[in-house]
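Values in this text are rule-based calculations from the coordinates and carry no lab data. Just so it is clear, the model here is predicted, and its values are computed rather than measured. All Cβ positions, glycine included, derive from the backbone under ideal geometry; neighbour counts span all protein chains shown.
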Amino acid sequence: MSTDTLLRVTNLRKHYPFTKGILFARTVGQVKAVDDISFTIAPGETLGLVGESGCGKTTTSKLVLNLEEPSSGEILLQGKPIHGLRGDALREYRSLVQAVFQDPWSSLNPRMMVGKIIGESLVVTKWGSAAAIEGRVRELLLSVGLRAEQALQYPHEFSGGQRQRIALASALASQPKLIVLDEPVSALDVSIRAQMMNLLKDVQARDNVAYLLVAHDLASVRYMADQTIVMYLGKIVEYAPTRTLFDDVQHPYTKALFSAVLSARPGQQADEIVLSGEVPSPLNPPGGCRFHTRCPFAMPRCSSEEPVLRETAPSHLVACHLYDQG
Amino acid sequence: MPAVSGWRPPTTNALRDMRNLPWIPATIIAVMVIMAIFAPFLAPYSPIDQSLPDKLLPPFWVEGGSTKYILGTDAFGRDMLSRLIYGARVSLLVALLALTAGGGVGLVIGIVAGYFGGRLEALLMRLVDAAFTFPAILFALLLAVTMGQGLGTLVIAISLLLWASFARIMRGEVLALKQRDFVALARVRGCSSLRIMVTHILPNVMNTFMVLLTLNIGVVIVAEASLSFLGAGIPPPTPTWGLMISEGRGRISTAWWVSLIPGIAITLLVLSVNLFGDWLRDRLDPRLRQL
Amino acid sequence: MDAEMASERPPGTVLEVRNLTTHFFLRRGVVKAVDGVSFSLKRGEVLGLVGESGCGKSLTALSLMRLLPRGGARTIAGEIVLDGEDILTKTPAEMRDIRGSKISMILQDPQTSLNPVFSIGNQICEAIVRRIGGRKRDAVPEAVEALRRVDIAAPEQRIGQFPHQMSGGMKQRVVGAIAITGKPQVLIADEPTTALDVTIQLQYLKLLKRLQAETQMGILFITHDFGVVARMCDRVAVMYAGRIVECGPVRQVFDSPSHPYTRALIASVPKMTETADRLPTIDGQPPALWDLPVGCRFEARCPHAEQRCRDAYPGSFQVGVDHTADCWRVAPA
């Protein structure tokens, strides 16, 4: 398991200080965006990260991408820590871990030719001669279903779906081992999403790339992810292989999430759980289990004691007192 | 506007866009630029040749004037038209140099402050604030006194006037631009900060920068005129429009053309440049918004 | 619970739209964004309007409200019969009275739907005062009541708050409250939950359903999310390239979609209940709205296209009770 793990995240925390005052800013609180999470991704595997706004999934992706420094905890890529890297080591990391973001209209520099955008990671690492880079760019364009001569065009000449493909091509240029996909299809039209997801799967099969798929759309996660993590207010509440999770949902929040994700089949409103109240502020999360204020199954214990992730079934981890008898 | 695949909606004010180039302002600007460049070929006389017997002659359409000196002469008998033409040269040269220096410095500071943020941004923006509170004209006068009058001093003085407003606006643009995903993605792809600023940020703020440049030409020309008027600009006998206005100061009621003609020239140029800048902004900004 | 609601609905069509046509007249040409759209909405019914970007669904909503965007858009044909009258014949002044009181609209983005510099109490009172006159101050009790109706706790305190002090879900509720102060007969909801988290979305949809049960208003629910349609809507209309290509009861349309586009669209959405190896996709692009083919608009991408599909546009053919599809293959022989 240890040599086979591509990415290992251990006890990761990211707290943002919350300051008051303009001239002499005092730290009056912490926004605990990510509060002690741990997970692993194997090579070529997809880990789905699910949750609603404020759960910490975006912060997690930024930490994995080394766009932010963690407050504590560790992220290891191929056994080596990723934070505090400089110079060549950082450059190497950047070639191994890439990203595709949600908004196709803001992911591409409008003033750069598409070919230049795709080849950029190669240019900054001086991967090869200009001619070699051009060749690789051509290859990449074809691999995402675009035409080679489109390298000379500008982003505004493409549709949303095509732009996401260009974004994917530029992520693939350096032959990364891990790509962070932050809601890669949610800004696309329904019929284009399928194309993009198929493409992502094809690329994964061909290049053995791992994905950290951040999404709020459970059905896409089901389609693409091997493992799934459900986050709530900075903590992992459930962590299981996708098939297991979908067959046997355990955590109350996950259950609510599942029932809220409306299936495209009318009349299928089995045990619908409607959560009351608003999502608490991450500045002041509830004590004990963070979900207890909205949980339909809350017990007295839940407001004072924070549950720990426990394995309730093979590879299925849940952080909930309902499953923690003892 | 609802998105319609493949079709790009027209700019929000279709009428203005359809108006095309504003011909009158553009012509005026072109004429003045030509005057400046080809001054030696266009001016009928040397601007500094005095001819005291011919002093204070009015323009040819006024009684007492002649076609020998179309726009009249000043107190030293120097031809107004020639001085006007050569004056264009100085004014435009100073404008160009001051805009390049002031605008350039402001651009760089704005981008650096906006991109890096944190303490560096705070420091630079406090400097900008300080520059705004400074009485610029007084400072220019001080410079002229200490460094001596001349083109260099004038350009430096005017640049100091400009850079702060450029810096502030460009930093605002960069802050907005930083929100776009491609900036974060450039970091993920391995770009250095320098590369990001040059390849990703700079090209996307150029539009605003261009518009700022055209809008500030007027400011610079008036600044040069003011400083020359106050005696802190180019020393005589080199004609500048500001200096010419100053020279006619004591005779506004009697020899009005000495001050009025350069004054009209300045007004025309600044108006034309402002109208042109307006049009430029209308053409460039909506495109920006669409992107 | 919803089945009970269904049987209590009285009959009566509250909105009848016939051949609505809104085109953009540009230098480039004429963009036929909404090209002959017809449907009806009954009291207490939710009609879903689904389609992808560019199909014309948002513009249809704007046409119904007669709030077309500037820049060449004009409604050039059709009838919009609201409460017995064709509102396309109304003057702007008359429309101002109709908007908000007979027909109302809520939009997608809660951030931009509310004015950030006014308290929400102010904005609700403004809507009330516009309808019944009087002073804003006197409208406060009714505003508080409106907030209570949309399940906002402690409405007396919330009334003085500003939009930025509220979450997205709460803002959408305020928007909803404002929209129904005039007791409209028709509510148009243009993707009201797209920007909300799923659990909040569910709360909101249940709220809408409850409000509808209380007021018996007809809701035109515009969305691209089939799950929402399945949950919320009684009937659904599928739009493609400016026209409605299929319309019918939700159950029927989902279980047996008759139009190839509907079928392909439903198939391409990943399901919660199935694992698939590959998702079926639709090849090609929608046609350019300024250069529409004379025949069926989906023909170029349709796996079952025939010659007659190219020759003429299929009319609406009956495929079930109250269920039509614009496809030659379901035409009576």
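Pick out, from B:Leu141, B:Met125, B:Gly218, the residue whose Cα sits farthest towards the positive end of the charge dipole of the range B:22-290, with +1 on the Cβ of Lys and Arg and -1 on the Cβ of Asp and Glu.
It is B:Met125.
Helix-only estimate, please: 222 nm mean residue ellipticity of chain C, summing -39500 (n - 2.57) across DSSP H runs of length 4 or more and dividing by its residues, to the nearest 500.
On the way: 13 runs with 112 residues, N = 333.
For chain C, the value works out to -9500 deg cm²/dmol.
Across the Cα atoms of chain B, what radius of gyration and what greatest pairwise Cα-Cα distance (Dmax) are found, in Å?
Calculated on Cα positions, Rg and Dmax stand at 23.0, 76 Å.
For the range B:95-140 and the range C:121-178, what is the separation of their C-alpha centers, rounded to whole Å?
Centre-to-centre (Cα) distance: 46 Å.
Taking N as the number of residues in the range A:167-326, what is its alpha-carbon radius of gyration divided by 2.2 N^0.38 Å?
Expressed relative to 2.2 N^0.38 Å, the Cα Rg reads 1.17.
Helix-derived [θ] at 222 nm for chain B: sum -39500 (n - 2.57) over DSSP H runs of at least 4, divide by residue count, nearest 500? Provide the component values of the computation, followed by the final result.
On the way: 12 runs with 190 residues, N = 291.
My calculation for chain B gives -21500 deg cm²/dmol from helical runs alone.
Roughly how compact is the range C:113-183, stated as its Cα Rg over 2.2 N^0.38 Å to two decimals?
Values: Rg = 10.7 Å, N = 71, 2.2 N^0.38 = 11.1 Å.
Here the Cα radius of gyration is 0.96 times the empirical estimate.
Which of the residue pairs A:Lys57/B:Lys178; A:Lys62/A:Lys177; A:Lys14/A:Lys57; A:Lys177/C:Lys271 have a Cα-Cα distance greater than 23 Å in the structure shown?
Violating the 23 Å limit, Cα to Cα: A:Lys177/C:Lys271.
Just tell me which aspartates and glutamates come within less than 14 Å, Cα to Cα, of B:Lys55; anything on the same chain fewer than 8 places away is out.
Within reach: B:Asp74, B:Asp79, B:Glu247.
Rounded to the nearest 20 Debye, what is the dipole magnitude of the range C:113-183 about its Cα centre when Lys and Arg each give +1 and Asp and Glu each give -1 at the C-beta?
Charge dipole, the range C:113-183, about its Cα centre: 140 debye, nearest 20.
Given a cut-off of 25 Å, what percent of all Cα-Cα pairs of the range C:128-278 lie beyond it?
41 percent
If you wrap a convex hull around the C-alpha atoms of chain C and split its volume per residue, what is the figure in Å³? Display every interim value, and only then the final one.
On the way: hull volume 52.6 nm³, N = 333.
Taking only Cα atoms, chain C has a hull volume of 158 Å³ per residue.
When Lys and Arg each count +1 and Asp and Glu each count -1, what net charge do the other residues less than 11 Å away from A:Leu309, Cβ to Cβ, add up to? Write down the numbers at each step before the final one.
Details: positive: A:Lys235, A:Arg310; negative: A:Asp36, A:Glu238, A:Glu306, A:Glu311, A:Asp324.
Spelling it out: positives minus negatives among the neighbours equals -3.
Putting +1 on Lys and Arg Cβ atoms and -1 on Asp and Glu Cβ atoms, find which of B:Pro44, B:Val108, B:Ser82 reaches farthest to the positive end of the dipole of chain B.
B:Val108
If you wrap the range A:7-323's Cα atoms in a convex hull and average its projection over all directions, what's the area in nm²? Don't jump to the answer; show the numbers that get you there.
Values: hull surface 75.6 nm².
About 18.9 nm², averaged over all directions.
Quick one: net charge around B:Gly65, please, counting Lys, Arg +1 and Asp, Glu -1 for every other residue with C-beta under 14 Å from its C-beta. Please report the intermediate quantities before stating the final value.
On the way: positive: B:Lys55, B:Lys68; negative: B:Asp54, B:Glu63, B:Asp74, B:Asp79.
So the environment of B:Gly65 carries a net charge of -2.
Please enumerate, by chain and number, the aspartates and glutamates with C-alpha under 16 Å from the C-alpha of A:Lys32, excluding those fewer than 8 residues away in the same chain.
List returned: A:Glu52, A:Glu68, A:Glu69, A:Glu306.
If each residue's Cβ is checked for other Cβ atoms within 10 Å, how do A:Glu45, B:Glu224 rank with the fewest at the top? Working shown, then result.
Values: A:Glu45 21, B:Glu224 29.
The order, fewest Cβ neighbours first, is A:Glu45, B:Glu224.
If I take all pairs of Cα atoms in the protein assembly as shown, what percentage of them are more than 57 Å from each other?
It works out to 24 percent of all Cα pairs.
From the residues A:Leu322, A:Val261, A:Gly29, which one has its Cα farthest along the dipole of chain A in the positive direction, the dipole being from +1 and -1 charges on Cβ of Lys/Arg and Asp/Glu about the Cα centre?
So the residue furthest toward the plus end is A:Gly29.
Given all pairs of different Cα atoms, what value in angstroms does the Kirkwood hydrodynamic radius of the range A:164-224 take?
Values: mean 1/r = 0.0847 Å⁻¹.
In the range A:164-224 this quantity evaluates to 11.8 Å.
If we count other beta carbons within 10 Å of each Cβ, what is the order of B:Leu154, C:Leu67, fewest first?
Numbers: B:Leu154 26, C:Leu67 11.
Final ranking by Cβ density, sparse to dense: C:Leu67, B:Leu154.
Could you pull out every one of the lysines with an alpha carbon less than 20 Å from that of C:Lys206, ignoring same-chain neighbours closer than 8 positions?
Of all the lysines, those that pass the test against C:Lys206 - Cα under 20 Å, at least 8 places apart if same chain - are A:Lys255, C:Lys42, C:Lys171, C:Lys183.
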